[in-house]
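J.: Below you'll find the structure I mean.
The values are calculated or read from the model by the stated rules, or taken from the named source; none is laboratory data. Predicted model only: the values in this text are computed from it and were never measured. No Cβ is skipped: glycine too gets one built from the backbone with ideal geometry, and neighbour counts run over all protein chains shown.
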Amino acid sequence: MSVGNNLRGKTAFVGAATFGCGEAPGYTAMELAAEAGRLAVEDAGLSLSQIDGLFICLPADFLSGLSIAEYYGIRPKMTNNSRTGGSAFFGHVEWAALALDAGLIDYALIVYGSNQRTGAGKLVSAQAPSVFEHPYRPNNPVASYALAASRHMHVYGTTPEQLASVAVSARQWANLNPEAFRQGPLSIDDALSTRLIADPLRVADCCLVTDGAAAVVMTRADRAKDLRKPPISLLGVASATWHSEISQLDDLTVTAATESGARAFAQAGLTVADVDVVNVYDAFTINTILFLEDLGFCRKGEGGPFIASGAISPGGTLPVNTNGGGLSFCHPGMYGLFTMVESIRQLRNEAGARQIAGAEIALAHGNGGTLSSQATCLMGVAHTV
Amino acid sequence: MTQEAPTATYFRHLTEGRFMLQHSPSTDEWVYYPRMIAPKTGATDMEWAAPSGLGTVYATTVKRMRPPAADVNIAIVELDEGPRMMTHVQGIAPEAVRIGMRVRACIVDGPDDAKILVFEPETAA
């Protein structure tokens, strides 16, 4: 069976940007997204008129592909606003890579923006409440992730302290990132003394609610090498969907990241040992534990002790969420694209005080719904192709 | 065969005081939530039947409320027939619900002027 590796190295990320991370009062979601997109195109040394593939999600505009094409005054050949939650942008990368390789388009812009903090004041979810869950009024999404955490604790003995260590690590990285919204000291005790939201998850276990926008630009390898920045090659990308409602996941301690990760690694011809930096969608502290296990960075059930040992913190053996993640950097609602931007910045040696020296291979991982959609992307510097 | 409207039928049974689920004779599987097509097997011959009403807590959390509102248990119960469902475990402090606890279904008034299925510890029944 094909491992789908015929797209390996065929396309590259040539632009990346964030805008308005934290609080961006007065801006609409479209304005934030449009500015991030403009900055990413400028970062690539391109002009917006060259963008012929447009991929976007906005929190509440389900035809946002049409809206942003009009906003920019461009006429893309391919417009895609498909959604799988916060992992949607990985699907966009898959389609962009296919379309670029097929010659249907030449330059793809993938963009997202949200003003949920200063606009809505709370997490904006695009997931329709299930008629079978809604009568129980779960405080989703946190309740669903809390149920998964309860199961992980029951089966593997994962502790609240280990969950807290995920938040502490994220904060340590955020303290090295001037763009991070939440900075300052955070101890395990500090995290454990925050208010319970849905047991065992406390405020410190939950992602931020911020504004923010991100964007990346992709093109074919032949065009990528002549642009402003060194291209970051797409080595593998894969998505997997196993359920929508948390009660329908077969085993609440195992996510579809086992599948998306395995396929992305097979495409890339890489193993976990090749990865220098990891950025996963940490909507809640349990996510980082589940995804590091499911992607193969530690064994199932050992994520808690692995993280509590300091392995993923600054100075650890496996740098994870070097921007501070959704827990401490920013979380505008669909964080997935930010994992890609941070991975690109690390591989370009643009990460300042948090730079991982000599990073050549990065893994970005997105999550959508309630652990429902999982997507993994491996990227590398030019000579890794 | 084409199923009688699954969602409406499930809630109609609850309204009439009965916990009923779809069961497929050909595959001997119980289906929840109710569907036109059984997941994975694709069976379409489901008939409405009464499950035992017994199950085991698979996962549990407490939705913490700001006082004076009371905290609420949110759980996933695995029915003895196999399917799992989101529900409340009641009749016990919300944080005292444990994974592995045996529970029994009961029908109570829900928040939307409709009946809902909840569970209580089996020993309390």
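J.: Just to be sure I understand, how many residues within region B:18-37 are of a type in the set (D, E, K, R) and either over 24 Å from residue B:106 (Cα atoms) or loosely packed, with under 15 Cβ neighbours inside 10 Å (or both)?
T.: 2
J.: Please state which one of A:336, A:368, A:316, A:352 is surrounded by fewer than 24 Cβ atoms within 10 Å (Cβ to Cβ) and on the phi < 0 side of the Ramachandran plot.
T.: Every option except A:316 fails the conditions.
J.: In addition: Run down A:112, A:71, A:107 and say which single residue is at pLDDT 95 or above, touching a helix residue (DSSP H, G or I) at 6+ places or on another chain (Cβ under 9 Å) and surrounded by fewer than 16 Cβ atoms within 10 Å (Cβ to Cβ).
T.: Exactly one residue qualifies, and that residue is A:71.
J.: Let me ask something else. Restricted to region B:38-69, and to residues that are on the phi > 0 side of the Ramachandran plot and surrounded by fewer than 18 Cβ atoms within 10 Å (Cβ to Cβ), which residue is nearest to the other protein chains (Cβ to nearest Cβ)? Even if it seems obvious, please write down each step before you answer.
T.: Residues of region B:38-69 that are on the phi > 0 side of the Ramachandran plot, as a first pass: B:40, B:42, B:53.
If we keep only those that are surrounded by fewer than 18 Cβ atoms within 10 Å (Cβ to Cβ) too, we end up with B:40, B:42.
Numbers: B:40: 10, B:42: 16 Å.
The extreme case among them is B:40.
J.: With region A:182-270 as the region, which helices (runs of 4 or more DSSP H) entirely inside it contain at least 2 residues that are hydroxyl-bearing (Ser, Thr, Tyr) and under 20 Å from the mean Cα position of the chain (by Cα)?
T.: A:257-268
J.: Working carefully through the options A:59, A:25, find the one that is modelled with pLDDT of 95 or more, assigned to a loop (DSSP other than H, G, I, E, B) and within 16 Å of residue A:210 (Cβ to Cβ). Don't jump to the end; show me each part of the working.
T.: Details: A:59 fails: modelled with pLDDT of 95 or more.
After applying the criteria, what remains is A:25.
J.: Would a scan of region A:73-80 turn up a residue that is among the polar types (S, T, N, Q), in contact with a Phe, Trp or Tyr (Cβ under 9 Å, 6 or more places away or on another chain) and not in a loop (DSSP other than H, G, I, E, B)?
T.: Yes.
J.: Now, a different point. Out of (1) in contact (Cβ under 8 Å) with a residue 40 or more places away in the chain; (2) within 19 Å of residue B:108 (Cα to Cα), what's the single condition that is false for residue B:45?
T.: (2)
J.: Check off (1) under 24 Å from residue A:153 (Cβ atoms); (2) crowded, with 19+ Cβ neighbours inside 10 Å; (3) not charged (D, E, K, R) for residue A:239 and give me the number that stays unchecked.
T.: (1)
J.: Would you mention how many residues in region A:288-322 are hydrophobic (A, V, I, L, M, F, W, C), part of a loop (DSSP other than H, G, I, E, B) and within 21 Å of residue A:264 (Cα to Cα)?
T.: The number of residues fulfilling the criteria is 3.
J.: Considering only region A:120-148, how many residues are surrounded by fewer than 20 Cβ atoms within 10 Å (Cβ to Cβ) and either of a type outside the set (Gly, Ala, Ser) or more than 9 Å from chain B (Cβ to nearest Cβ) (or both)?
T.: Residues that pass the stated criteria total 13.
J.: For the subset of region A:89-126 comprising residues that are outside any loop (DSSP other than H, G, I, E, B) and among the acidic types (Asp, Glu), which member is nearest to residue A:203 (Cα to Cα)?
T.: Here the residue is A:94.
J.: Any idea which of (1) touching a residue at least 40 places away in the same chain (Cβ under 8 Å); (2) small (Gly, Ala, Ser); (3) over 30 Å from residue A:50 (Cβ atoms) is the one residue A:311 doesn't satisfy?
T.: All conditions pass for residue A:311, except number (1).
J.: Can you tell which of A:253, A:210, A:241 is within 29 Å of residue A:117 (Cβ to Cβ) and within 14 Å of chain B (Cβ to nearest Cβ)? Talk me through it step by step, then tell me what you get.
T.: On the way: A:253 fails: within 29 Å of residue A:117 (Cβ to Cβ); A:210 fails: within 14 Å of chain B (Cβ to nearest Cβ).
Testing whether each residue is within 29 Å of residue A:117 (Cβ to Cβ) and within 14 Å of chain B (Cβ to nearest Cβ) leaves just A:241.
J.: Cβ-Cβ under 8 Å, sequence separation 6+ or interchain: first residue in region B:13-30 and assigned by TED's automatic domain parsing to the domain that holds residue B:119, partner aromatic (Phe, Trp, Tyr) and in a strand (DSSP E or B). Which pairs?
T.: Nothing qualifies.
J.: Further question on the same structure: Any chance you could count how many residues in region B:1-37 are among the aliphatic types (A, V, I, L, M), assigned to a loop (DSSP other than H, G, I, E, B) and within 13 Å of chain A (Cβ to nearest Cβ)?
T.: Matching residues across region B:1-37 total 1.
J.: Hey, residue B:72 hits all of (1) at the interface with another protein chain (Cβ under 9 Å from one of its Cβ atoms); (2) under 23 Å from residue A:251 (Cα atoms) but one; which does it fall short on?
T.: Only one criterion in (1) at the interface with another protein chain (Cβ under 9 Å from one of its Cβ atoms); (2) under 23 Å from residue A:251 (Cα atoms) is unmet by residue B:72, namely (2).
J.: Taking region A:297-313 as the search range and keeping residues that are surrounded by fewer than 24 Cβ atoms within 10 Å (Cβ to Cβ) and small (Gly, Ala, Ser), which one is nearest to the chain's Cα centre (by Cα)?
T.: Among those residues, the one meeting the criterion is A:313.
J.: Among (1) assigned to a helix (DSSP H, G or I); (2) touching a Leu at 6+ places or on another chain (Cβ under 8 Å); (3) more than 10 Å from chain A (Cβ to nearest Cβ), which single condition is residue B:81 missing?
T.: For residue B:81, the failing item is (1).
J.: Moving to a separate point now. If a residue must be buried (at least 16 other Cβ atoms within 10 Å of the Cβ), assigned to a strand (DSSP E or B) and within 11 Å of chain A (Cβ to nearest Cβ), how many such residues does region B:90-118 contain?
T.: 4
J.: Is it true that residue A:293 is of a type outside the set (Val, Ile, Thr), in contact with a Phe, Trp or Tyr (Cβ under 9 Å, 6 or more places away or on another chain) and under 27 Å from residue A:81 (Cα atoms)?
T.: So residue A:293 fails the test.
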